[in-house]
Amino acid sequence: MAARNLTVTDIEGALRRENVELGAGMIESKDRNFTMRTIRTYQTPKDFAQLVIARGAGNYLIRLGELATVELGPVDVHSVNRIDEKKPGPCPSSDLASSNSLGRRL
């Protein structure tokens, strides 16, 4: 990233700017309402790897896949615990490589 004069903020900005799912309106009828949504361009790791982060020298497109390994991974879910019905705060956790994140409870 340093060689391309980019920061983590640049990557975060590109992800926020490009990975958007917008409402496209509604179709209303007598019996039902349908919400219309646009289809996101980025659906797979391969799609995200092609996301343009910035332009380099000579208008060269710098893509996310050149700066990072893009892969599917577990969702990092932060659980909230309670002690005597009081909420002490978040209790972040991470999974071991061999663990099952679906069965984890704090």
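Is it the case, given these coordinates, that THR9 is assigned by TED's automatic domain parsing to the domain that holds GLY65 and in contact with a Leu (Cβ under 9 Å, 6 or more places away or on another chain)? Don't jump to the end; show me each part of the working.
Values: assigned by TED's automatic domain parsing to the domain that holds GLY65: yes; in contact with a Leu (Cβ under 9 Å, 6 or more places away or on another chain): no.
The answer is no for THR9.
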>> If ARG104 meets every condition in (1) modelled with pLDDT under 85; (2) of a type in the set (Lys, Arg); (3) under 14 Å from the mean Cα position of the chain (by Cα) apart from one, which number is that one?
In response: (3)
> Quick one: in the range 16-63, which of the residues that are modelled with pLDDT under 80 and touching a Phe, Trp or Tyr at 6+ places or on another chain (Cβ under 8 Å) is surrounded by the most Cβ atoms within 10 Å (Cβ to Cβ)?
Replying inline: TYR42
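The values are calculated or read from the model by the stated rules, or taken from the named source; none is laboratory data. Here the structure is a predicted model, which means the values were calculated and not measured. Methodologically, a virtual Cβ is constructed for each residue, glycine included, from the backbone with ideal geometry; neighbour enumeration extends over all protein chains shown.
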